[in-house]
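To start, the structure under review is shown below, and the notes come after it.
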Amino acid sequence: MRIVVPTEENGYLADEFSKYATGDDVYGGQPVKSFPIKLHKIPKKTQTLALNLIDFDAVPVSGFPWIHWVAANFPGTTREIPMDVSRTNAIPHVHGRNSNGGSLIGNTDPAVYQNYTGPFPPNEDHDYSLTVYALNTKLDLADGFWLNDLLHQINGHVLDTATITLRGRV
């Protein structure tokens with residue numbers, strides 16, 4: 001499987017999906033417009049797709065990897081996840097919690113903690129790891145699930161995965 005996310009010429013994720021988003025692309029001080037994802041060479045028996053976006057460079061700042069996006073149960077026939085799907089639900093899917101919903105941050109607004117929240121590196125450029133999973137089943141998850149719930153449920157159901165690194169600028 002292969003995934004492609006368009007980036008700016010300098011290799012960074014476009015401003016509208018990250019720290020420098022403006023206007024309607026920002027909610028609660030966070031960039032909230034999810035980027036488009038093109039999918040190639042998905043296994044034929046794929047029933048659903050799931051994804052996560054994690055900032056491992058956040059560890060020195062927060063003490064743990066920062067979860068920016070978790071989503072599951074995109075139809076297996078999906079070949080492009082459109083821009084802003086996290087808010088529009090243009091392709092129906094189940095919305096997981098990002099790190100804003102954890103007890104250390106404690107955000108109570110599902111529009112913030114249960115959708116995409118874009119890169120916002122506080123100290124230096126960060127690398128963000130996007131992983132897409134091709135699965136042979138629909139997962140038993142409801143909106144608001146946690147990343148560990150996803151990881152437990154995909155065990156034994158992964159047909160293929162693909163991971164790319166996206167850059168976010170300070």
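What follows is calculated from the coordinates using simple rules that are stated; it is not laboratory data. Values in this document were obtained by computation on a predicted structure and should not be read as measured data. In this analysis, Cβ positions are derived from the backbone assuming ideal geometry, glycine residues included, and neighbour counts consider all displayed protein chains.
Among Asp160, Asp84, which comes first, second and so on when ranked by fewest other beta-carbon atoms within 10 Å?
By the 10 Å Cβ count, ascending, the order reads Asp160, Asp84.
Percent of Cα-Cα pairs more than 20 Å apart in the chain, please.
Of the Cα pairs, 48 percent sit more than 20 Å apart.
Quick one: order Val112, Val32, Val132 by neighbouring beta-carbon count within 10 Å, fewest to most.
Listing Val112, Val32, Val132 from fewest to most nearby Cβ atoms yields Val112, Val32, Val132.
Counting other C-beta atoms within 10 Å, which of Phe17, Phe64 has the fewest, and how do the rest follow?
Final ranking by Cβ density, sparse to dense: Phe64, Phe17.
Which percent, nearest 5, of DSSP beta bridges in the range 2-168 are antiparallel?
95
Past the 23 Å Cα-Cα mark, which pairs from Lys44/Lys138; Lys41/Lys138; Lys19/Lys138?
Where the Cα-Cα span goes over 23 Å, the pairs concerned are Lys19/Lys138.
Per the helix-only calculation at 222 nm, which mean residue ellipticity applies to the chain, given -39500 (n - 2.57) for every DSSP H run of n ≥ 4 and division by its residues, nearest 500 deg cm²/dmol?
That comes out to -2500 deg cm²/dmol.
Please sort 19-25, 124-130 by packing, taking for each peptide the average over its residues of neighbouring beta carbons within 10 angstrom, highest first.
Averaged packing, sorted descending, gives the order 124-130, 19-25.
In nm, give the distance between the simple-model label positions of Glu80 and Arg2, each being 7 Å from the Cα along the Cα-to-Cβ direction.
My value for the distance between the label points is 1.7 nm.
Filter the GluC sites (Glu not before Pro) in the range 1-71 to those in DSSP coil with at most 15 other Cβ atoms within 10 Å of their Cβ, and list the result.
Those that pass, being in a loop and sparsely packed, are Glu8, Glu9.
Can you pull the one-decimal nm distance between simple spin-label points at Asn148 and Lys44, each 7 Å off the Cα toward Cβ?
Reported label-point gap for Asn148 and Lys44 is 3.9 nm.
Please identify the trypsin sites (Lys or Arg not before Pro) of the range 72-110 that satisfy two criteria: DSSP loop assignment and at most 16 other Cβ atoms within 10 Å. Which are they?
In loop regions of the range 72-110 (DSSP not H, G, I, E or B), the sparsely surrounded trypsin sites (Lys or Arg not before Pro) are Arg79.
Could you tell me the center-to-center distance, by alpha carbons, between the range 1-43 and the range 80-119 in angstrom?
What the calculation gives is 13 Å, centre to centre.
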